[in-house]
Each structure stands twice: as C-alpha cells, then as structure tokens.
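S.K.: Quick one: this structure, given as structure tokens, is what I'll be asking you about.
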Amino acid sequence: MDIRGKVAIVGVGHSEQGTLPGRSPEQLSIEAIKSALDDAKLTKEQLDGLITCKSVQGGNADVQVGPLFGLSPQYSQTLDYGTCNFSLHLAVQAILTGMAETICLVYGANARSGRFNFSASAPNLAGASGFVHIAGQGAMALQRHKKKFGTTDEQFGMFAVSEREWARLNPLAIFQDPLTIEDYLAKPYMVEPMRREDVTMISDGGVALIVTSAERAKDFPNKPIYILGMAEQSEIRGDYFDDYLMRPFLKKSGEQVWRNTGLKPSDIDILYIQDPTAMWDLQMVEHYGFVPEGEGGPWVAEGHTRPGGSLPLNTNGGQLSESYMWGWLHIVEAVRQLRGTVEPQRQVPNPELAMYCSTMTFMKGACSIIGTHQ
C-alpha cells in the first residue's frame, strides 16, 4: 500500500521532564495528552483512537489511561514497546483501514522517581553473561567496531559531545553542562570502552502525538507533518543470530524505506536516532546508509552531526542529554523542527524531511520519514 502523505501529525505535547515524584505513568501520560490536544486545538471528545505504550514499569495501558482521562474511544491498543515508531506505524495502519480517524499516541514513565531496577538480569544469553543493562551490550558492540574498523575514542565521543551541544540550546533538556571532547576523554569508563556520557539517562515524563488523516489535517491550525514512509524489520532470534551485537538486520529496514519511498539518505535534512547508547547512533548512521560501514567514526569526528553540520542528529539532545522517554521526544522535536517552531538558536534552516530510527534492543528495528509536503 502506498501510504505517502495520507496520514499526518497535527499535535504534539509533553509533560515536564526530570524527577517527578508522586506522579504515576498514567498521570504523566494524561498531562502529555492535554498538552498535545491543546497544541492541535482539539477536545478529548474529538479523539476516536488511543494508542498507549506500556512503560518500563509495566503500567500505562489503554485500559488505565483512557478511563482515568474519561476516554473510551472506538479504537484502542497498547504496545509493550512502542518507541514511537512502532506506535506511529500502528496508528497509520488503523487510520488507513478506517478503524479510527484521529488517534492520540502516548507514553508515560516515572522510572527515575520510582527507582525502576534496570540492573535486573535478563533470562537470556546476555543475562547469563553478566550483561544486565544495555550499556554492557553497547560496550561490547563498540569494542567490536573499534577492533574491526579502527574507530577511536576521540571519534566515537563526538556523538555524545554533539548531542550535548544541541541540548544546551534546548530548554527542555535535563543535561545542560558543557561537554567538550577533552571533557569526554577525561571521564572514566562506565563499561569499557563506553563512558557514562555515552549512555541514556533515566527520567520521568510523558509524551503524546495526535495523528489523523491527511484530508482532515487540513482543518487543523498547525502545519500538517505528513508520514511519507515507514519500515520495520524483525530479528526475533535476538542474541541467537550471528554477530547480533552489530545488528546487521537494520540494513534491511533501511533498504525497505528507501525502496518504498524513492528517497535516499542524502534527501534527509535532519536525522533522529533512539539512543539508549551512543553506539546505536554509530550503528544506525551506517546501517541506514548515511555513511559507509566502518566509516561512522571518522565521519562524526568531522562535525557533521553538530549544530551547523551537514546532517543534524538528535537536535533535542537525544536520550543522552534531553530525557529518557524511550525516544518519543525525538518525534516531537522532528515535528517542531519541520514546523519551524523551535527556539531560533536550535532551528535547522528550512528543513523539509526528517527521519526517525528506533529499535527494540536486538530484536526489532523501525524507521519513519516525515515531511512538510505530501
């Protein structure tokens, strides 16, 4: 099915971000929904769909958020791991098949104030090997990349430095302290060869989007941001497939979206990558074809992802410096950049196309291309 320009994002919103004790994932989700409805100039009665993304604590289901907010739409679903891309793709499918016309997508979590235990051992080969957090697998993947391609700490560190530079231009970002490459190299390893600055923060907050048909989007006050292409690729064998740390299956997601849209990496004005570790940035700029395999280190060291660079990356500061949110705020930032409504010091000049890439660890990958024109 040709989906190009048939569905649009017409509202974005979020709660505060940071440490927010006493507010449940559901409450934070409702704060975000109210913000997105206000942005779209809608009332909750005008929603006929609700897609929630289950938080890391296991809450935030549609049957919790909906009743708490007084919603009982004709269409509702909860994804275990939405990371916005998977939730957005489900919303597009629901709208194109007539199951709903205007859907709210939402995520909320209080993992920081709720002190969620991310160090619990997983029941798989990674857990048995002592990899109890994404930093362990990310560090092993970086070690392999360094061995295979000669990537250096000085090169790799520019992902964290670049995202911090963007975050310092973003009032919403939690990490605002200056970070130079010299500062980065002086930091101790968290899991060698990865430093704390290479790994996501944990924070509380909520994020929401309003998605509707392109025909109806014309009636909204904001410039519609159209979904132009999307792709997903699974490798559900997880750590049982060869070279799983390097996640080569992501290349197929890239091949799919470029083939289906007729676009190419050089067409993208701004790139967003869900980044629980900076290693995911390195892998995905290579796997999606923005730079040849093995050349991501020298490329980022040249400054391409920094403010003023040729391919701005995570202009919100990403999960390394803005907030946690499983990457949901990346789409919010992409929409605002394409609308031209972020702070002047952070605004990329005249962007028309943005791309967001996300993954579910070593098992699933997804991407979306959104733009200002159908």
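S.K.: Is the range 206-225 home to any residue that is hydroxyl-bearing (Ser, Thr, Tyr), assigned by TED's automatic domain parsing to the domain that holds Gln374 and not in a loop (DSSP other than H, G, I, E, B)?
M.R.: no
S.K.: Looking at Gly254, Gly262, Gly294, which is the one that is farther than 25 Å from Glu154 by Cβ, surrounded by fewer than 15 Cβ atoms within 10 Å (Cβ to Cβ) and outside the structural domain of Glu26 (by TED's automatic domain parsing)?
M.R.: The conditions single out Gly262.
S.K.: Within the range 133-152, count every residue that is buried (at least 19 other Cβ atoms within 10 Å of the Cβ) and hydroxyl-bearing (Ser, Thr, Tyr).
M.R.: 1
S.K.: Output the number of residues of the range 174-205 satisfying the condition of being part of a loop (DSSP other than H, G, I, E, B) and buried (at least 16 other Cβ atoms within 10 Å of the Cβ).
M.R.: Here the count works out to 8.
S.K.: OK, next. Within the range 313-360, can you find the residues that are in a loop (DSSP other than H, G, I, E, B) and crowded, with 23+ Cβ neighbours inside 10 Å?
M.R.: Asn314, Thr315, Asn316, Gly317, Glu322, Ser323
S.K.: Exactly one condition in (1) outside any loop (DSSP other than H, G, I, E, B); (2) farther than 19 Å from Glu352 by Cβ is false for Asn260; which is it?
M.R.: In the conditions (1) outside any loop (DSSP other than H, G, I, E, B); (2) farther than 19 Å from Glu352 by Cβ, Asn260 misses (2) alone.
S.K.: Let me ask something else. Can you tell me which residues in the range 333-371 are of a type in the set (A, V, I, L, M, F, W, C) and within 30 Å of Asp242 (Cβ to Cβ)?
M.R.: Those that are of a type in the set (A, V, I, L, M, F, W, C) and within 30 Å of Asp242 (Cβ to Cβ): Met355, Cys357, Met360, Phe362, Met363, Ala366, Cys367, Ile369.
S.K.: When you go through Ser72, Ser35 one by one, which is the residue that is in a loop (DSSP other than H, G, I, E, B), hydroxyl-bearing (Ser, Thr, Tyr) and surrounded by fewer than 24 Cβ atoms within 10 Å (Cβ to Cβ)?
M.R.: Matching residue, one of Ser72, Ser35: Ser72.
S.K.: Testing Gly327 on (1) modelled with pLDDT under 95; (2) more than 24 Å from Met140 (Cα to Cα); (3) under 12 Å from the mean Cα position of the chain (by Cα), one condition comes back false. Which one is that?
M.R.: The failed condition is (2).
S.K.: Are there any pairs, at least 6 apart or on different chains, whose C-beta atoms fall under 8 Å, with the first in the range 133-153 and within 11 Å of Trp280 (Cα to Cα) and the second basic (Lys, Arg) and outside any helix (DSSP H, G or I), and if so, which?
M.R.: As it stands, the answer is Ala141/Arg247, since those pairs meet every condition given.
The values are calculated or read from the model by the stated rules, or taken from the named source; none is laboratory data. Values in this document were obtained by computation on a predicted structure and should not be read as measured data. Using ideal geometry, Cβ is built from the backbone for each residue, glycine included, and neighbour counts are taken over all protein chains shown.
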